[in-house]
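The values are calculated or read from the model by the stated rules, or taken from the named source; none is laboratory data. Owing to the predicted nature of the structure, the values given are computational and were not obtained by experimental measurement. Virtual Cβ from ideal backbone geometry, glycine too; neighbours counted across all protein chains shown.
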Ligand SMILES: Cc1ncc(COP(=O)(O)O)c(C=O)c1O
């Protein structure tokens, strides 16, 4: 992995604000985009800005071919068995809502989750509880924030139909032991959904080896265009699911009073699609494959160690999650006694062009349960450097001296 070469692929990293470069540490929210992805998006608009599938003319068949290639690229990227298992969505949130609204859950069926779910994997099930009377149960994390396998085993009773969990947490960067969880859940007759929004961009993932039933992830967190995502589902499940958004592009045949749905994945992709986004997303997957996700994981661990070592002694500063940075992937989330998290983030931006996220990161439920108002979150990616980490530590120290 060559960081200088990687950095040169990202046009925004050449940008200067007030004579200084930018340090982009808000990758858990949205990653930057390499030139290759931007060019692929432009290719759609400049070469064949038509719709796929519907028309028989040349431009349309070119787009159709691009979409098929993109589906194949995503299948390879996540090591799925079949192209029908890849559904393009707008984001992780849409993929999770699709599942919550399409699975056949009834009164008394239980959905088992961690205590650190993003609102996108919490609210859709909460609404099902209100509407259908499903049950929900949460596995409390261990003292250090890591997954408690014993607590999970105890919570995994026969009424648990779905285990829907965040794979890598956007709150503290911890990752759950997915393979063991899937094995135990299947032994219990439960299906497993993984919210892979924060793991897919950073870690090698094989849907086949994990044997997971469903995966949801976003393109914009993995160098892809904004408003793109994927739902992966094993073919046998996808065939049984009833789509919840239907209309054009989803049906084979209809009369005024009847209809026949297309097979997966088309039955889930209603209406005209974001073809430029789909093509750009596949290009992002190719880019990540060329760098190698193992290399990205190692690089982020090293950066996380640099930041953690640099800030852990600061008086009044608490890091959320385990002390060991290797257990927090590329995420350093912290709060400082007596100092507002938004103020810290604003000063990092205005003093030194350092972009971090501040607040509750859509995990309000965890913050409310722990009586913590919010945190500052630095989240790292392949183009970040140790030098940027050192600048971050220095600038943070300067700000905290103002306390
Ligand atoms: C763990 C996790 N799940 C789900 C989401 C929702 O992603 P999106 O807004 O792309 O749908 C996010 C976004 O930050 C996330 O971090």
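At a glance:
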quantity: Test: residue in the range 238-252 that is outside the structural domain of residue 332 (by TED's automatic domain parsing), under 28 Å from residue 7 (Cα atoms) and not in a loop (DSSP other than H, G, I, E, B); calculated: no
quantity: Residue in the range 14-29 that is farthest from the ligand (Cβ to nearest atom), counting only those that are surrounded by 14 or more Cβ atoms within 10 Å (Cβ to Cβ) and in a loop (DSSP other than H, G, I, E, B); calculated: 22
quantity: Any chance residue 225 is surrounded by fewer than 24 Cβ atoms within 10 Å (Cβ to Cβ), assigned to a loop (DSSP other than H, G, I, E, B), modelled with pLDDT of 95 or more and more than 16 Å from the ligand (Cβ to nearest atom); calculated: no
quantity: Test for residue 200: is it assigned by TED's automatic domain parsing to the domain that holds residue 104 and within 16 Å of the ligand (Cβ to nearest atom); calculated: yes
quantity: Residue in the range 42-64 that is surrounded by 15 or more Cβ atoms within 10 Å (Cβ to Cβ) and in contact with a strand residue (DSSP E or B) (Cβ under 9 Å, 6 or more places away or on another chain) present; calculated: no
quantity: Subset of the range 82-110 [more than 9 Å from the ligand (Cβ to nearest atom), under 14 Å from residue 125 (Cβ atoms) and not in a loop (DSSP other than H, G, I, E, B)]; calculated: 97, 98, 99, 100, 101, 102, 110
quantity: Boolean, residue 190 is more than 10 Å from the ligand (Cβ to nearest atom) and out of contact with any helix residue (DSSP H, G or I) (no Cβ under 7 Å at 6 or more places or on another chain); calculated: yes
quantity: Verdict on residue 60 being without any contact (Cβ under 8 Å) to a residue 24 or more places away in the chain and part of a helix (DSSP H, G or I); calculated: yes
quantity: Members of the range 134-156 that are in a loop (DSSP other than H, G, I, E, B) and either farther than 18 Å from residue 121 by Cα or within 23 Å of the chain's Cα centre (by Cα) (or both); calculated: 140, 141, 142, 143, 144, 145, 146, 147, 148, 156
quantity: Pairs, first assigned by TED's automatic domain parsing to the domain that holds residue 130 and modelled with pLDDT of 95 or more in the range 97-110, second surrounded by fewer than 16 Cβ atoms within 10 Å (Cβ to Cβ) and not in a helix (DSSP H, G or I), C-beta under 6 Å, six or more apart; calculated: 101/244; 102/242; 102/244; 107/133; 110/137; 110/159
quantity: Residue that is in contact with a strand residue (DSSP E or B) (Cβ under 8 Å, 6 or more places away or on another chain), within 16 Å of the ligand (Cβ to nearest atom) and farther than 21 Å from residue 211 by Cα, where the choices are 147, 138; calculated: 138
quantity: Failed item in (1) in contact (Cβ under 8 Å) with a residue 12 or more places away in the chain; (2) in a helix (DSSP H, G or I); (3) within 22 Å of the chain's Cα centre (by Cα); (4) surrounded by fewer than 21 Cβ atoms within 10 Å (Cβ to Cβ), with residue 126 passing the rest; calculated: (1)
quantity: All positions within the range 203-222 that are within 16 Å of the ligand (Cβ to nearest atom), under 18 Å from residue 234 (Cα atoms) and in a loop (DSSP other than H, G, I, E, B); calculated: 205, 212
quantity: Residue in the range 30-45 that is away from the ligand (no atom under 16 Å from the Cβ) and more than 30 Å from residue 13 (Cβ to Cβ) present; calculated: no
quantity: Residue count, the range 268-306 (criterion: in contact with a strand residue (DSSP E or B) (Cβ under 7 Å, 6 or more places away or on another chain) and part of a helix (DSSP H, G or I)); calculated: 3
quantity: Some residue of the range 169-179 being assigned to a strand (DSSP E or B), closer than 23 Å to residue 234 by Cβ and under 23 Å from the mean Cα position of the chain (by Cα); calculated: yes
quantity: Of all residues making up the range 149-168, the number that are buried (at least 17 other Cβ atoms within 10 Å of the Cβ) and out of contact with any helix residue (DSSP H, G or I) (no Cβ under 9 Å at 6 or more places or on another chain); calculated: 3
